[in-house]
1. For the range C:46-62, give me the residue count where each residue is assigned to a strand (DSSP E or B), charged (D, E, K, R) and within 10 Å of chain B (Cβ to nearest Cβ).
2. Within the group B:59, B:80, B:29, which residue is out of contact with any Ser or Thr (no Cβ under 8 Å at 6 or more places or on another chain) and either over 18 Å from residue B:196 (Cβ atoms) or small (Gly, Ala, Ser) (or both)?
3. I'm trying to understand the selection: among the residues of the range B:68-77, which are assigned to a loop (DSSP other than H, G, I, E, B) and at the interface with another protein chain (Cβ under 8 Å from one of its Cβ atoms)?
4. With respect to residue D:102, determine if the residue is touching a Cys at 6+ places or on another chain (Cβ under 8 Å), more than 9 Å from chain A (Cβ to nearest Cβ) and not acidic (Asp, Glu).
5. Residues of the range D:124-141 being open to solvent by 20 Å² or more (accessible area, probe 1.4 Å), in contact (Cβ under 8 Å) with a residue 40 or more places away in the chain and not in a loop (DSSP other than H, G, I, E, B), which ones?
6. Would you check if there is a residue in the range D:85-103 being open to solvent by 10 Å² or more (accessible area, probe 1.4 Å), touching a Pro at 6+ places or on another chain (Cβ under 9 Å) and among the hydroxyl-bearing types (Ser, Thr, Tyr)?
7. From the list B:95, B:119, exactly one residue is more than 18 Å from residue C:11 (Cα to Cα) and out of contact with any Leu (no Cβ under 9 Å at 6 or more places or on another chain). Which is it?
8. What do you reckon, is residue C:47 crowded, with 21+ Cβ neighbours inside 10 Å and out of contact with any Leu (no Cβ under 7 Å at 6 or more places or on another chain)?
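The values are calculated or read from the model by the stated rules, or taken from the named source; none is laboratory data. Just so it is clear, the model here is predicted, and its values are computed rather than measured. Neighbour counts run over all protein chains shown; Cβ positions are idealised from the backbone, glycine included. Heads up: the accessible areas ignore ligands, DNA and RNA and are worked out on the full protein's heavy atoms, side chains in. Shrake-Rupley method; radii C 1.70, N 1.55, O 1.52, S 1.80 Å.
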Number of protein chains: 4
Amino acid sequence: MFILINLKTYVCDPIEIAKAANSVSSELGVRIAVAPQSIHLKEVVETGVETWAQHMDRGGEKIRTGTITSTGLSEIGVTGSLLNHSEHRLLLAEIDENVQEASKMKLETVVCANNPIQIAAVTSLNSTFVAVEPPELIGSGISVSKAAPDVVRDAVDSARRINPKIPVLCGAGISTGEDVSTAKELGAEGVLLASSVAKAKDPQKSIEELLSDI
Amino acid sequence: MFILINLKTYVCDPIEIAKAANSVSSELGVRIAVAPQSIHLKEVVETGVETWAQHMDRGGEKIRTGTITSTGLSEIGVTGSLLNHSEHRLLLAEIDENVQEASKMKLETVVCANNPIQIAAVTSLNSTFVAVEPPELIGSGISVSKAAPDVVRDAVDSARRINPKIPVLCGAGISTGEDVSTAKELGAEGVLLASSVAKAKDPQKSIEELLSDI
Amino acid sequence: MFILINLKTYVCDPIEIAKAANSVSSELGVRIAVAPQSIHLKEVVETGVETWAQHMDRGGEKIRTGTITSTGLSEIGVTGSLLNHSEHRLLLAEIDENVQEASKMKLETVVCANNPIQIAAVTSLNSTFVAVEPPELIGSGISVSKAAPDVVRDAVDSARRINPKIPVLCGAGISTGEDVSTAKELGAEGVLLASSVAKAKDPQKSIEELLSDI
Amino acid sequence: MFILINLKTYVCDPIEIAKAANSVSSELGVRIAVAPQSIHLKEVVETGVETWAQHMDRGGEKIRTGTITSTGLSEIGVTGSLLNHSEHRLLLAEIDENVQEASKMKLETVVCANNPIQIAAVTSLNSTFVAVEPPELIGSGISVSKAAPDVVRDAVDSARRINPKIPVLCGAGISTGEDVSTAKELGAEGVLLASSVAKAKDPQKSIEELLSDI
């Protein structure tokens, strides 16, 4: 299972969370990554934890202002980027270009989508992972693996039919070890989660809890 | 072959073109549709020609200002709508929602895309047609079927692998009968074209010319 | 007072409303305009009523797909266009360009804004009118002239300080004659309204009601 | 004069430039700030140079993914943010909200605009500075102060008429000491520049050159 912790714009201590994630990852041998705000990426990389960007913009050859480029992410040692998160939707053509740009810079990508049909669509774009997150459950505290098991199962089926080599993650409301183990049973090879760690009083405990059932 | 004439924002006489298209369509038994600006949709429908919208917005339950809804298009007798034209790109989630809304209102859809990879992606969204148009050839006068036959062939292959029931159109620079017949040989079941008819002195002649080789 | 009836995407009979507005306007000598969906603009123009677009896109020299141009609106006899409605926000640079394009085509413009500060900003762009509409009151049934008289008064003051020749309209929740007369007392030279006419069983009565107190 | 060096997405060494800017600023007693990519903000702050963001997103109460918030910028010691740069245009309503959010967090703001009319508009929004940059000159190597002195002069006049307390910067093609001194003579109280420093072999020399004539 791949555990990707998206810190969103939560007010939290990204370094504390990064260190906790890194230590649990080493201890349990589970792949755990942290996606902080862009202003914290470099210092999170320096903790040694696998670090992801929450978003990446199209660069191409064009010079721009106020955007996050694959070149910049690659230079500072980031592993990959979320793309098309439900809180940062992209044009289809942008997702395609971003995945290709990331791939040239040896960055991994997780392309998010709302439902199994969109998962089928994005699986054709050859990202490293795809992730299904029903928007109505994001931030709800209700776990997708419990509340919408069919969405996860159908997303896994959709992606497999298009390209069985691209693993499916799921997200929305994931906070317990049971949520993670259920996601695994449904065919997901990882989870996206945010508030349950970012808002936790004891981030390390909250991460250990996520892994308690697998 | 399905011939879809997109009048874009060209200054032209949409009624004259609609009548010409309707007459050539009846005479030769070829499916021809005209996509005028939204302000001309109703009068183009009234000529009897098959009429398409150039774009449709998300409606859902929400009341909005200045948008084109599936309900509105359906009420005035439009057959379908282009979506995600390279001059009007949409979010992936919007394309999905728009295709579903159109389908509920019995409207057909052509989802456009830049290249074979994006064609694979949009074919998963279950529109009536998909259309490949390399943006660099749009409005260039250089025909996609001559300049980029591999793009058309690969788009047809991509779409077939995902869903063989969804026909592929191609567009960009189509202006002669040979362009259309080459497109057909490459596996396209129709073409999108614009300037060669919209800017023609004699639209009827230009439409007949397109059909001279099939 | 200028009464601008925005039909938004409401399912209603734009022709019936246009005729009612035209007849009340003639009878009472009050300027009343109707802004239907773009697909109905031409037939609304043909009723003789003053007709406005709900939105207009940038055209410039560039050919586009699925957009509404000043050239198109001008050709079919539309008087003007709303711009930057709270349900169709625009980039600042777009508002500037659109106002200028409209002006070249002899189209009037109403630039909408959320609050008195934004009203001051848009008044510098030289549109025909500016309109203040607090987004939280739009569609609420609670009249801006009653619930937020200070917003209207401050918007009028803001605009006057920048350019006293540009009249200020107000909108959101306007449905009664008292709402309109209060708006007038607060310094507004017109009102924007939508649901109270678009959803009325008897549109003519609802329009007469609006004018009952001025 | 306020010298704001926007590093855009140029591949350059932000720390070297920050140190050079800081040293020239101290030596000559001129206010100089550096605006690196968001991923470099924190380490640029740590050099001691005045540090600006190239862009800031709306935050409000809402949690988002992949955006740059005023809270985040404030926490790491950034002084302010560019808003509405011609390579990152914003909705009018966003500029208003962003300026207000920044102000609550004690962040300064430079709101950019294309021309004197838009400068008048944005001056009403109460940012710390406004900046006029004709888009056609950005990255051109042709200085706005030489090629378009009227644009600078009219922008200064426009802003003064609205609010004489808001200083006007100018930008586009600024690279020499003469460009800066001419800008000053035209009434600008600072300059925005990018490539002449970001692409310089010797950044310190390029910054000293900018200040050689004032």
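1. 0
2. Result of the check over B:59, B:80, B:29: B:29.
3. Answer for the range B:68-77, where residues must be assigned to a loop (DSSP other than H, G, I, E, B) and at the interface with another protein chain (Cβ under 8 Å from one of its Cβ atoms): B:68, B:69, B:76.
4. no
5. Once the filter is applied, which keeps residues that are open to solvent by 20 Å² or more (accessible area, probe 1.4 Å), in contact (Cβ under 8 Å) with a residue 40 or more places away in the chain and not in a loop (DSSP other than H, G, I, E, B), the range D:124-141 yields only D:135.
6. Yes.
7. Going through B:95, B:119 in turn, just one is more than 18 Å from residue C:11 (Cα to Cα) and out of contact with any Leu (no Cβ under 9 Å at 6 or more places or on another chain): B:119.
8. So residue C:47 fails the test.
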